[in-house]
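The values are calculated or read from the model by the stated rules, or taken from the named source; none is laboratory data. What you see is a predicted model, and the numbers here were worked out from it, not measured in a lab. No Cβ is skipped: glycine too gets one built from the backbone with ideal geometry, and neighbour counts run over all protein chains shown.
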């Protein structure tokens, strides 16, 4: 199917009837260090989601571009909404899709900071039996690939993200700045003090806004990451399309 | 300036310092009758907003694609969020931009149903002295042009909207369906019974989902509409860029 | 029926059983320029609503006197609540009436600023199948009469409102101040800049608080306006009393 | 001063400048047994509030007619809003008055069920230093008088309320029904089981909706109650008018 | 049954099946004058609740230790949450218990300031037919005993509370400070000015934070209070265990 | 210091003046498989928090016993509140402590499901400059110890939790059921399908409610875990006590 937004209501009717799964890309517009474009996360989510355009069993929704990014707010250009507002925006969008009969959805997520809100949205929709809408974080699906390709404990604007964007939109990577990104990067996300996770804002632990080893980025590696994650997404869509909706709802205790 | 999302935090810093006005496109994904794509409203908003990319004094934000469209929900493919959620999503996005020093914003709106929420958002942001962010509805800026070009009391998926989309994205207009759109269209928005505005849902008064005379659509007219409205938007941006922020805040009574 | 508030629970029981339609007057207490009393809007709504006291098919509720008037707050004496609070107060009042079996209501509204909140209240009540409660703005029902009687593009404390109050409560019009009202009035509501509706507060565009041509006011014209609008209201009550409740709920798409 | 709603913004300006105290009548529209009108509580509040019209130091606001009455909902004609909605409506109305410089307010309350919400409203307004707005329940001010006049442990539609309404609005008391009211009345409010206050709804413990001894009602006694309570109210207004606003705010601990 | 928290899910299953009534202790952590520990109210509630551990028909929940105490905030050590937050915390805890089949609950309350929120919680749970959960204030159950033992019009950190804590936890009473507590105590709760209840904060009317005659405290009297109130609680549990749940829900009007 | 709740307001005043850090234990009451008591998480938090009683620089608050546990609700005895309610209860409790001058707090957390809400609470308190209140999850502080002692990828009612409870409260471990717990346990938390984290409810992936290898539990190991984590907590308290509050607030971007 094409993008839902490119259908008329007349042609959408047929497609929605046949669709088993909705695909909702969500991301953020936030700092990704000096080398990557602010749109990294929603552009990545959009690219993965649009890989499903040709699937007969899927319908691809518009991209939600601003997410839970207050922790990046000290860096120029970061936009953000509160976790509760983001959760509501996503929950209600999915609920409106469900009114048209598509009650299984994959939320293709490009931003780690969205995860908590997306989990709460998915729980609410499931508990109400409105929709089954688990979030899918692309990086969680390719941990093995990442271990092979990169020598970093990354997390933000790292070699993996940089490679992916380089592959998807080479013009949105300022390769000359990857060294600066790495110079100011932290080795890992946040800051742990005797077991307490501090690092509430990125600026607390990273000067450049990056976390990881951006200089290891390479568009070829980005292509490998993209393909691997895309394949995982399609496997997930296959799995979910086949899963009866009644198996998706909360179980009772016997 | 390019799109904000295509800037890195480093290059955004410079641009934001120079920017006088933010431009936030918002729309909807909702039925526009059998001839127009569901994305009509956010695509139109996006097109107008992106006409400002080359302005040095403006910064263009990502498009918010789902709006206040519950009244179209009976037609296939319509997505929607509640007025309050939409209001919050927009308010918080603008407030986050204001933290970077851009406190004057034009909200380029493609969907009439969003207007109430956008007015409330603008009022809140202004009363708090966070930002001055009036909504700009493209159709309100070209009433004279519309009167010249079209013989309709339109309002939704009408000849004016159809023409505009035809101009912007010819592939998203199913011209063969314009007649069907008009056959099932109402002559005006809603339904008035002895002064009471009924017509809470579009389906209450329109069979096709359209309101107006879609068969009068023509891509050339769409080009005229686009150019006229775009010129108005740029005049507004000029005006707002020059207006001191202190003149934007609420006045006291003398 | 008399006013609901003047019934005992015992006599209300009978009347409510026979009533087809509730009538809820709502208005505001806000500046209406130097010549008109602050209570203009709730007094007008009350007058129209009370014209239905003798109808067997209607029950008249108490008047809600404070509304959505923040935009008049810089003028002395204006009271206001937020749109959300007003919406909730009205919604819950109507829902409590519906528990007694009266599920069709006309909200007789005297203040334009209340309209958005009343539309949202009506939508919620209808979507929940609690009640069908459209707002009726008295001025919307007499546009033709207004065009005949007055030469103004009014909107607030204008000749039409002034005339109506003069007719209803001559002691609440300070006729000596009508000239001052007009001197400081704007010609139309708000301020449009290249298609953007500015004028968030009345003080942004009117020095006296009035909009229109108050000096054209005349109590005889007020009587004509009152009678014409009252007739429209009663026609609406007739229509709604006869309408089956099942025809009032949202339609499904076929 | 006259009622605020009967002033124009021009004449209100002078009066508000001179006013020391606002007077806001609030009540309910709810069952008061078979003999008393549903408006009892807001009519009583209104009568007390309007006794202050001639005071130079006071400004009388419009009456808020629907309150926290869900516990009477099983009796015909009862209207109600939630405690939170009522609290917000009152809080915001008072805050808007405070913008005009009147920051001391007596909330003249006619309904016991409103008290919790009014106390929370007063606390919020005081803690924010917006206004000092204690509720005044008329019956709390005349306990001694009540003990002298009536032999009852009343609480609702009892002899004291019946007498007061008989005095204020004789046409709104159905004296023939006082016996029926008493036959079905409970002796005291609610129901206590081993120290737990049950009786969540009036219908749980009273068949007629009344609590107390309505047959002891008498308009002369009503006049005595009215005068005694009115005198208390005016003494309170004197006291509050003289009290410096800085003495009204929360104290710090030394 | 032991405390619920000391059961495993396996042994809880059996006990919950047999349990008729839940017992939820709630209190506060707030100033109780110079002689009593801050935990007075939750410790008292806990002691009463735990007296039900051996009852086969009851299940005792964990103690909620922080309540509605903003009015004590000027005194050192007082903790508090807002009425709405407390109401929600209690409501949701009880609703989760009800999912396991225990739908009758006594909320054993140690703090007067919690009462309004607990009543609203109980009303909501009852109206939704989720649970019947009346609050039980221990002091309300022993008014006669208090009249016999103490010569005070107390209310806070008074002789009755002091005696009870002395009985329950002698180490948490600083008997040397009882005289100081009484020196700075008020004779009654709050402050009434011409019928208006002022005294929003305890510090408005009590220097020591106490209200009443703490020097009358005596651990033997505390034992009498405890035993009398405990007996009342158990009588209430007997009564509620036997009451059919269908008799607990709101009645309709006939 | 002793527990705050065991202090009077008089003695609390001195202690609070000297205190640098508040310690707030929070947990849950929820299923921990057939072998462990439902109170596991709040009892563990309480034990760690109370290890700080003798520190001069710390003040220990009461334990909040019910948390974010909806995902365990199908297992008998689980209590829960919503994430938002829990977040508010914790946020407001800490804010009330901050009014007494203690603005650095360690939230000692015993339940993983609380973490998201606690992070949001900490962020809000920090952004408002009310308090710096990071959560400390005891298990996060002893990952190395756990790796040495246990051969499991646990997460809930696993060998580590079982050992700890066995050490703290031997009577609350039903050692005979550890085998049953393990038989029905999953090997890891949740369920990952092609990168999507499913497993919204524990019952989706664990029959017994446990995750890990409970049969490896041993009270001696529990002692080691307790001591190691306690030492980490005290090191954190030392660090936070010394940290200037101004270093705790969000940084600006240079």
Can you find even one residue in the range C:41-62 that is more than 9 Å from every other protein chain (Cβ to nearest Cβ), out of contact with any helix residue (DSSP H, G or I) (no Cβ under 8 Å at 6 or more places or on another chain) and at pLDDT below 95? yes
Any residue that is touching a helix residue (DSSP H, G or I) at 6+ places or on another chain (Cβ under 7 Å) and either part of a helix (DSSP H, G or I) or over 25 Å from residue D:9 (Cβ atoms) (or both) - is there at least one of those in the range D:102-110? yes
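Taking the criterion of being outside any loop (DSSP other than H, G, I, E, B) and under 16 Å from the mean Cα position of the chain (by Cα), would at least one residue in the range B:55-65 satisfy it? Talk me through it step by step, then tell me what you get.
Within the range B:55-65, the subset outside any loop (DSSP other than H, G, I, E, B) is B:58-60, B:64.
Narrowing the set further to residues that are under 16 Å from the mean Cα position of the chain (by Cα) leaves B:60, B:64.
Yes, the range B:55-65 contains a residue that is outside any loop (DSSP other than H, G, I, E, B) and under 16 Å from the mean Cα position of the chain (by Cα).
Can you tell me which residue within the range E:4-14, out of those that are surrounded by fewer than 22 Cβ atoms within 10 Å (Cβ to Cβ) and facing chain F (nearest Cβ under 8 Å), is nearest to residue F:165 (Cα to Cα)?
E:6
If I filter the range C:15-30 down to residues being part of a helix (DSSP H, G or I) and more than 16 Å from residue C:54 (Cβ to Cβ), which single residue comes out as farthest from the other protein chains (Cβ to nearest Cβ)? Don't jump to the end; show me each part of the working.
From the range C:15-30, those part of a helix (DSSP H, G or I) are C:15-18; that's our starting set.
Add one more test, that the residue is more than 16 Å from residue C:54 (Cβ to Cβ), and what stays is C:16-17.
Working: C:16: 6, C:17: 9 Å.
Going through the qualifying residues, I end up with C:17.
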Specify which of the listed residues (F:90, F:66) is more than 8 Å from chain E (Cβ to nearest Cβ) and touching a residue at least 24 places away in the same chain (Cβ under 8 Å). F:90
Evaluation of residue B:229 against (1) in a helix (DSSP H, G or I); (2) over 21 Å from the mean Cα position of the chain (by Cα); (3) surrounded by 20 or more Cβ atoms within 10 Å (Cβ to Cβ) (one fails), failing number: (2)
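Taking the options E:162, E:141, name whichever one is within 12 Å of another protein chain (Cβ to nearest Cβ) and within 16 Å of residue E:34 (Cα to Cα). Give the steps one after another, and end with the answer.
Values: E:141 fails: within 16 Å of residue E:34 (Cα to Cα).
None of the others qualify; the one that does is E:162.
With the condition being within 27 Å of residue A:250 (Cα to Cα) and without any contact (Cβ under 8 Å) to a residue 40 or more places away in the chain, I'd like the helices (runs of 4 or more DSSP H) fully within the range F:113-202 carrying at least 1 qualifying residues.
Details: elements: F:115-127, F:143-149, F:159-168, F:178-183.
Here the list reads F:115-127, F:178-183.
Residue C:79: buried (at least 22 other Cβ atoms within 10 Å of the Cβ), over 22 Å from residue C:125 (Cα atoms) and under 17 Å from the mean Cα position of the chain (by Cα), yes or no? Walk me through how you get there before you give the answer.
Numbers: buried (at least 22 other Cβ atoms within 10 Å of the Cβ): yes; over 22 Å from residue C:125 (Cα atoms): yes; under 17 Å from the mean Cα position of the chain (by Cα): yes.
Here the answer is yes, as residue C:79 does meet what is asked.
Every residue, every condition in (1) closer than 28 Å to residue F:123 by Cβ; (2) out of contact with any strand residue (DSSP E or B) (no Cβ under 7 Å at 6 or more places or on another chain), yes or no:
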site: A:157; (1), (2): yes, no
site: A:173; (1), (2): no, no
site: A:205; (1), (2): yes, no
site: A:219; (1), (2): no, yes
site: A:228; (1), (2): no, yes
site: A:237; (1), (2): no, no
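Restricting attention to the range C:69-85, which residues are within 17 Å of residue D:82 (Cα to Cα) and more than 8 Å from chain D (Cβ to nearest Cβ)?
Our first condition is that a residue be within 17 Å of residue D:82 (Cα to Cα); within the range C:69-85, this holds for C:81-85.
Passing the criteria: C:83, C:84.
Taking the criterion of being assigned to a loop (DSSP other than H, G, I, E, B), surrounded by fewer than 24 Cβ atoms within 10 Å (Cβ to Cβ) and more than 13 Å from the chain's Cα centre (by Cα), would at least one residue in the range E:33-50 satisfy it? Let's see the steps before the verdict.
Step one: list which residues in the range E:33-50 are assigned to a loop (DSSP other than H, G, I, E, B), which gives E:33-35, E:38-39.
Of the ones still in play, those that are also surrounded by fewer than 24 Cβ atoms within 10 Å (Cβ to Cβ) are none.
For the range E:33-50, residues assigned to a loop (DSSP other than H, G, I, E, B), surrounded by fewer than 24 Cβ atoms within 10 Å (Cβ to Cβ) and more than 13 Å from the chain's Cα centre (by Cα): absent.
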Given the criterion more than 19 Å from the chain's Cα centre (by Cα) and farther than 29 Å from residue B:93 by Cβ, identify the matching residue among B:218, B:144. B:218
Looking at the range B:185-198, is at least one residue surrounded by 20 or more Cβ atoms within 10 Å (Cβ to Cβ) and more than 30 Å from residue C:107 (Cα to Cα)? no
Checking the structure you have, find out if any residue of the range C:115-125 is more than 22 Å from residue C:217 (Cβ to Cβ), more than 9 Å from chain B (Cβ to nearest Cβ) and surrounded by fewer than 24 Cβ atoms within 10 Å (Cβ to Cβ). yes
